[in-house]
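Below is one structure, written out as structure tokens; the observations come after it.
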Amino acid sequence: MSLCVSRMRWFPVLSLLLWICSVFLCGLYLFVGGFLLVRVEVNRTSSCLDALFPGQEPERDFCRGQPRFHKAVLLIVDALRIEFARFDPNNTSPRPFENKLPVLGETLSSEPSHSRLYAFRADPPTTTMQRIKGFTTGSLPTFIDVGNNFASSAILEDNLIQQLGQVGKRVVFMGDDTWESLYPKRFHRSLPFPSFNVKDLHTVDDGILQHIYSTLEGDDWDVLVAHFLGVDHCGHRFGPDHPAMADKLSQMDRVIRSVMRRLQKDTLLVVMGDHGMTDTGDHGGESQKETDAAIFIYSPSPVFQKQQAQLEPEVVPQTDLVPTLALLLGIPIPYSSVGQVLLPLFPPHGQSAAGALSQQEALWINAKQVNRFLETYSSVAKDIPPDALLHLRTQFSRLSSEYLSASRKGLLSSPELTSSLQDYLTSVRDTCRATWAKFNAFKMAAGLLVLALACVSCLILSELSLTLIKENDSIKSCSVVAVLAGVCVAVAQMLARGFVEVCWCVFGAALSSELLFIWKTYQAKSPSRKVANFRSLRGFLTPAAFILLLRCASLLSDSYVIAEGRVVTFLTLSLALYVPIHLNWHGLLLPQTYDSPKPSAVLPSPALPNSVARKEANTLIACLVLVVGSAFLSLFFHSCREEQGSCQPSQFLAPLSRMQDEKRKNLHYVLSVCALALYTYLIRNWMRSCGNLNATSITVFTANWIFPLSSVSLALHWAVSGTSEDSFKNLSELIGLAQVALPRAAYFLLTTGLLLIWLDPLTVFIKHKSSAQRLASSRLPPRYRASIGISPQAELHHLIPQIYQEMRRSLDDGELNAGAEEDSGPAVEAYGLGTVYSAPLLLLCGVLGVGLLLLHPEGMALAFLLLLLEMGAVLHIHASAVNLSRTQAGGFGVPWTPVVLWALAATQFFHSTGHMPTFPSIQWGAAFVGFPGGHTGTVLPATLVTLNTFASHILFAVSCPLLLLWPLVCEPQSSRAARSSTDAEVDEAKMEIRLRDSPVHFSSALLQLSTRYLFVHGAQVFASVCAAAILRRHLMVWKVFAPKLMFEASAFVVSCVSLLIGVTFVLRTDSAVSRWFKRLVPDVSR
């Protein structure tokens, strides 16, 4: 069989890539398992009959005294920032979120003994599930709990809801359905409403308002919990500085007034927020605007004492609500609570009513409960430092003696005793907060070792790709050893410990396969291969490696991580500028001129004519200018971190629906549509110029119809979603229908287009010629053998007039008579064959880019256009550098510089599409594009949010094979002619088809490119892991380094999957080309 129908080695390519990705993921799994551990939960429950010390007679020690209130109403206004609750009568021009709750200010001034307003500080992460857990259990949530925010599991720790039920109090809940998942079947009556749709401002609130007043006026409740979501959803959708926020806060003002009018004398009202929000309406981090919510406490009967200014706190930690409510309602404080009672709600000793708890008694019960938890936890977890534990025990022993002595002497009102009790409770909470970041050093070390060896293996794999492709047995032995090692570790654990811990089985499998791979590659080296590998290593030690080293080193600095967007942009530009400097240093950028009097025969002949070399140099410089311009403009689309101070987020990050200025909204819409149109035009125009839009395949149909129609659907969707709800009230139903139909139509078109491209990726147009046409065309130069209707550029550069020398060989074997007249040659012209691999891959990325843009705000169309321009500029810089330096003559390998540049650009546009490695920056609204009514599960919304967050990584990883293909597409004709002086007419226009001359080298080059790209991302992941491990006790670990690790690891996983998709698509295209050649040979012979 001729070489034209030979296929690539797809199995070794994919199997080796899957193996190296797997060992990277195993290392991440091990490290994250040791770094992000959930704190040990104490599964014990408080009871009124609990005794302080063993051997004591049971008594109502923890429920001493009569309850001060018999009923309580908790109104939780989600994301009620403290600034929203404060009232300033001197503010004559309030912003939409200011002075909209006047009921609080009026009550505070008219009834000071009945009400108080405090800042209510949450512990990060400031997400709803963690906050509910915090102010119902009194515990401190850990960092890893943030992953459960949208898949909440039932709370098993002792909590207020459970304690209220145990003493027979009827708890009625209505609002956010997160409560129902946290406390299933714990309520006397429950009215949950769906909470995940952040664009829905009214469903939850309106549902509560339908039932809350009738419930208050009834008598079948003791504690009422109502969780409103409108303010939080308004912040997510519009931000706090929007008229919709003023409407929501005014609605809450009316609700609070109505509830207060219906309260009885023995009822306590608590209005609070679970967290705050940033100026963009987001939350999840630990900035003060996110952590400081408001808490307003009110009762129709006097509850606060006068002249207690020294006891009034400036800020109330959310955990303090748990012991305060428990003692006010006469129930035990939950076992794991580390909160401190709010003293102004309790009278001083000697001023309390008969049987009611005084401040000192409340503090003493609180201190005993916290000490009991501390002793139990320290016996189970063993993670509290011994010196800190000894200090707390000594402190409590002294306080116990002082309290019992003061109680016998009637001196409980001592301010010193009160202050000592408060200091002890504060010390316990601070100690727990400092030590609950528990790390498993063995798992972290195992993960670091596996990741380090994975980086080494990936580097070896990239340099020995050709050998490994030919041998095709390394992966089999590594896989078998990995399975055997994992089984052996599991058996050993079962025999020694009686159970199996999966993580150590994973460690054994990954480590054994890596060590075997490294050992086999080392043993297989011959002296000549060692020299070649040394030269290959020297090729890695370039400025590209230095830039990568700087990038990895920057991940160990919190300042550089905070400013990562600008740092990566600077490194990208630096590496791009290195390319022409390097070429000029070696005299390759500009055509060389010789003034020597030597004869022309002895002068070195340049690889390219001066005109061609000058054209390549001009192209390189022009593309470099385009990269610099794109990088500079991309900075205008960045968001801002809380640590960046005066930084202002890009105006293009705000959806059109948030904009109130109609002129600005129209301008943004026009710019976005123009950017989308140019994005679509550039891709289709390139395909047309290469002759890839002349065929009748389904891929060409996608390029001609589905691709433009999906862009039109997206533009119409932007127009509808940016329409104000009040603009066309008569068409509200039609607009609502369009908000669902248009994005879903775009989803359908884009999914269909991607499937069609995958099913038949060929974009080659075949034209059979008659004998007369062949005779006429034979008198013309080959590059002019084009038909009418084909673009001039395709005629000049991308026309394949015959099916190359390989087909001639196959026809020589009897299929065709090679010795016949000229008109008996192959009667075929093939258009688009020179870009048979790159054209469908570029179209695939273009369609995928429109789909990812659909999940972003409208203004990001400009950022996606810049991404496409920079991607094309980098490809042309790489191609021009290859042409000028003549490195492609001996093979198809891609140097390290463009690979590192490609990976850095992916991170650059992660920031330039409005993302940051922080949880508040996650664009949750992507989950509801086309699904305004919400979802029934979590898989689809999680997928949409992931696609939105890592859009740039997806596009650059899928399109990574273009780095291998583009130099062949842009190869000058003179260079092609110089390679084959014997048959220039046949070989002149081969371009990408030249890859099929040697499918083994093609497979090797594709594997090498893929592993180099994975190595660059893997090195960055390893640097993030090292930063988290080294700085795990750093002040900024949970604010900067842990989120960065999570985002870097997630980006690596997404990049692995996307790269596998891109490589598999190239292999799929190669298979289609092989079948096409097989069908074509019999057709030509007939």
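The values are calculated or read from the model by the stated rules, or taken from the named source; none is laboratory data. For clarity, every value in this text was computed on a predicted model and none was experimentally measured. Glycine gets a Cβ as well: all are built from the backbone with ideal geometry, and neighbour counts include every protein chain shown. The protein model used for the area step is the full one, side chains on, heavy atoms only, and it has no ligands, DNA or RNA in it. Shrake-Rupley method; radii C 1.70, N 1.55, O 1.52, S 1.80 Å.
Out of curiosity, is LEU327 aliphatic (A, V, I, L, M), open to solvent by 10 Å² or more (accessible area, probe 1.4 Å) and without any contact (Cβ under 8 Å) to a residue 12 or more places away in the chain? The answer is no for LEU327. Among the residues of the stretch 246-280, not one is under 35 Å from the mean Cα position of the chain (by Cα), open to solvent by 10 Å² or more (accessible area, probe 1.4 Å) and within 23 Å of ASP222 (Cα to Cα). Check VAL969, VAL929, VAL939 and return the single one that is open to solvent by 10 Å² or more (accessible area, probe 1.4 Å) and free of Cβ contacts under 8 Å to residues at least 40 places away in the same chain. Testing whether each residue is open to solvent by 10 Å² or more (accessible area, probe 1.4 Å) and free of Cβ contacts under 8 Å to residues at least 40 places away in the same chain leaves just VAL939. Applying a threshold of 7 Å to beta carbon distances and a minimum spacing of six or more residues, or different chains, the list of pairs starting in the stretch 1047-1074 at a residue that is under 14 Å from ILE20 (Cα atoms) and ending at one that is open to solvent by 10 Å² or more (accessible area, probe 1.4 Å) and of a type in the set (A, V, I, L, M) reads VAL1053/LEU25. Kindly evaluate ARG44 against the criterion of being at pLDDT 75 or above, closer than 30 Å to THR136 by Cα, surrounded by 16 or more Cβ atoms within 10 Å (Cβ to Cβ) and among the charged types (D, E, K, R). So ARG44 fits the description; yes. Which of the residues spanning the stretch 1006-1024 are open to solvent by 10 Å² or more (accessible area, probe 1.4 Å), under 9 Å from SER462 (Cα atoms) and at pLDDT 95 or above? Those that are open to solvent by 10 Å² or more (accessible area, probe 1.4 Å), under 9 Å from SER462 (Cα atoms) and at pLDDT 95 or above: ARG1012, PHE1015. Among the residues of the stretch 618-633, is there at least one that is at pLDDT below 80 and either crowded, with 19+ Cβ neighbours inside 10 Å or within 23 Å of LEU901 (Cα to Cα) (or both)? Within the stretch 618-633 (the criterion being at pLDDT below 80 and either crowded, with 19+ Cβ neighbours inside 10 Å or within 23 Å of LEU901 (Cα to Cα) (or both)), the answer is no, since none of the residues qualifies. Scanning the stretch 433-454 for residues that are crowded, with 17+ Cβ neighbours inside 10 Å and at pLDDT 85 or above returns LYS443, MET444, ALA446, GLY447, LEU448, LEU449, VAL450, LEU451, LEU453, ALA454.
Within the stretch 1052-1070, the set of residues being under 16 Å from ARG9 (Cα atoms), open to solvent by less than 20 Å² (accessible area, probe 1.4 Å) and not hydrophobic (A, V, I, L, M, F, W, C) comprises GLY1062, THR1069, ASP1070. Scanning the stretch 353-407 for residues that are touching a His at 6+ places or on another chain (Cβ under 8 Å) and either open to solvent by 20 Å² or more (accessible area, probe 1.4 Å) or not in a loop (DSSP other than H, G, I, E, B) (or both) returns GLN359, GLN360, GLU361. Scanning the stretch 204-245 for residues that are small (Gly, Ala, Ser) and surrounded by 24 or more Cβ atoms within 10 Å (Cβ to Cβ) turns up ALA226, GLY230, GLY235. Within the stretch 564-617, if we keep just the residues that are among the basic types (Lys, Arg) and surrounded by 11 or more Cβ atoms within 10 Å (Cβ to Cβ), the residue that is modelled with the highest pLDDT turns out to be ARG566.
Of all the numbered requirements in (1) more than 23 Å from the chain's Cα centre (by Cα); (2) modelled with pLDDT of 85 or more; (3) surrounded by fewer than 18 Cβ atoms within 10 Å (Cβ to Cβ), GLN651 misses one, and that requirement is (1).
Considering every residue within the stretch 76-83, establish whether at least one is part of a helix (DSSP H, G or I), surrounded by 16 or more Cβ atoms within 10 Å (Cβ to Cβ), modelled with pLDDT of 90 or more and over 44 Å from the mean Cα position of the chain (by Cα). No, the stretch 76-83 contains no residue that is part of a helix (DSSP H, G or I), surrounded by 16 or more Cβ atoms within 10 Å (Cβ to Cβ), modelled with pLDDT of 90 or more and over 44 Å from the mean Cα position of the chain (by Cα).
Report whether or not SER413 is under 28 Å from GLU312 (Cβ atoms), open to solvent by 50 Å² or more (accessible area, probe 1.4 Å) and at pLDDT below 85. Yes; evaluated as a whole, the condition is true for this residue.
Of the numbered criteria (1) over 21 Å from the mean Cα position of the chain (by Cα); (2) outside any helix (DSSP H, G or I), the one HIS876 fails is (2).
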